[in-house]
Amino acid sequence: MKLMEHLYAYPWRGRGNNCNSYLVTGEKTVLIDPGHIHNEWGERCLDTLVRRLSEDGFSLEQVDLILCTHGHPDHVEAASVIKEKSGAQVALHREDEPIIAEIERYFGSAAGQAKAALKPNIYLQEGDLDLGEGAEQIRVIHTPGHSPGSVCFLLPRLKVLISGDTVFENSIGRSDLPGGDMATLGRSIDKLAALQDVELLLPGHMGFVSGAEDVRRNFERIKYFFF
Ligand SMILES: [Zn+2]
Ligand SMILES: [Zn+2]
């Protein structure tokens, strides 16, 4: 689903759990959070993503880079399969690499596959990604709390924030999973709330928040209810 020039969204609409995926196009094709291969309901999450990408004229083979907001299997499990098909690079924050192993007992065997196969080639750090001339600008913001290596992606030109499991519409990510911490999450949310010029918030699950005023109010409500 095309949101704007250079930005497509694939919000998950199944019964079981999976993340929302996003595609940034331009000189480089960047897939953010490819999600599960299958989820706990046996839904074929990756097949669904492939079908929806193809409806918009894209294929996995075109993907140059897979950006992971964090290392949980509902966001990264399909990364290894796509990497194999496309030769894409996989980027994750270093602090979430051990989380992939630890999370196994929380998410069952699906996480085991992700653990075995996911090997990031790039470690994400706070700051602008260097994607080369003509590529859409993407800034990495380290936002630990849901997991130690959670990051958000800011697209400054498009005024879009892709927030993973740090911030949702009217809610926040869990802090009770391995490496999670509520106080740290609060500080990360403060960091995001201070960003100027975000007109569209695209979370890792559930709905979007659109309009600068609604994004600002969403942060205010979250701070009021959770911290
Ligand atoms: Zn998560
Ligand atoms: Zn998630």
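Readers should treat all values here as calculations from the given coordinates under stated rules, not as data from a laboratory. Note that the structure is a prediction, hence the values are computed from the model and not measured. Neighbour counts run over all protein chains shown; Cβ positions are idealised from the backbone, glycine included.
If packing is taken as the average count of other Cβ atoms within 10 Å, what order do 202-209, 120-127, 174-181, 33-40 fall into, highest mean first? Spell out each step's value before the answer.
Details: 202-209: 20.4, 120-127: 14.5, 174-181: 16.5, 33-40: 23.4.
Going by the mean number of other Cβ atoms within 10 Å, highest first, we get 33-40, 202-209, 174-181, 120-127.
Run a plain Debye calculation on the stretch 64-107 (Cα atoms as equal point scatterers, no solvent) and give log10 I(q)/I(0) at q = 0.26 Å⁻¹, rounded to two decimals, same order as the q list. Debye curve over Cα of the stretch 64-107, log10 I(q)/I(0) at q = 0.26 Å⁻¹: -0.92. Computed from backbone phi with θ = phi - 60° and the Karplus coefficients 6.51, -1.76 and 1.60, the 3J(HN,Hα) list for the stretch 122-130 is 10, 9, 6, 9, 3, x, 6, 6, 9 Hz; x is used for glycine and proline.
Apply the a/c threshold of 1.5 to the C-alpha gyration tensor of the stretch 22-170 and tell me whether it is rounded, prolate or oblate. Write out the running numbers ahead of the final one.
Details: a/c = 1.56, a/b = 1.15, b/c = 1.35.
Note, shape of the stretch 22-170 comes out oblate.
The 3J(HN,Hα) values that the Karplus relation (6.51, -1.76, 1.60; θ = phi - 60°) gives for the stretch 144-160 are, in residue order, x, x, 6, 8, x, x, 5, 10, 10, 10, 9, 10, x, 5, 8, 6, 10 Hz. Gly and Pro appear as x. Sorted into 10 angstrom bins from 0, the C-alpha pair distances of the stretch 23-67 split as 27, 54, 17, 2 percent. FRET efficiency for the pair residue 212 and residue 47, taken as 1/(1 + (r/R0)^6) with r the Cβ-Cβ distance and R0 = 25 Å, rounds to 0.10. Length gained on full extension, residue 170 to residue 81, computed as 0.36 nm times the residue gap minus the Cα-Cα distance: 28.8 nm. So how many Lys-Lys pairs in the chain land under 18 Å Cα to Cα, not counting same-chain pairs under 8 apart? Close lysine pairs found across the chain: 9. Counted over the chain, the DSSP beta bridges are approximately 65% antiparallel. With both labels modelled 7 Å from their Cα along Cα-to-Cβ, the residue 64 to residue 13 distance reads 3.0 nm.
Given in Å, the Rg to one decimal and the Dmax to the nearest whole number for the Cα atoms of the stretch 147-227 are 11.7, 34. Over the residues of the chain, the helix contribution to mean residue ellipticity at 222 nm works out to -8500 deg cm²/dmol, using -39500 (n - 2.57) for each DSSP H run of at least 4. Subtracting the Cα-Cα distance of residue 101 and residue 227 from their residue separation scaled by 0.36 nm leaves 42.4 nm. As a rough guide to protection, the peptides 185-197, 61-73 ranked by mean Cβ packing within 10 Å, highest first, stand as 61-73, 185-197. Here's how it looks for residue 90: its modeled amide H is under 5 Å from those of 66, 121, 122, which are all 5 or more places away or on a different chain.
I need the fraction of alpha carbon pairs in the stretch 136-193 separated by more than 13 Å, rounded to a whole percent. Walk me through the intermediate numbers first.
Numbers: 896 of 1653 pairs.
When all Cα pairs of the stretch 136-193 are counted, 54 percent exceed 13 Å.
Summary of packing: across the peptides 45-58, 89-102, the per-residue average of other C-beta atoms within 10 Å ranks them, highest first, as 89-102, 45-58. Translational diffusion coefficient, Stokes-Einstein: compute it for the stretch 86-227 using the Kirkwood radius over C-alpha pairs as Rh, at 20 °C and 1.002 mPa s, and state it as an integer in µm² s⁻¹. D, rounded to a whole number, is 135 µm²/s.
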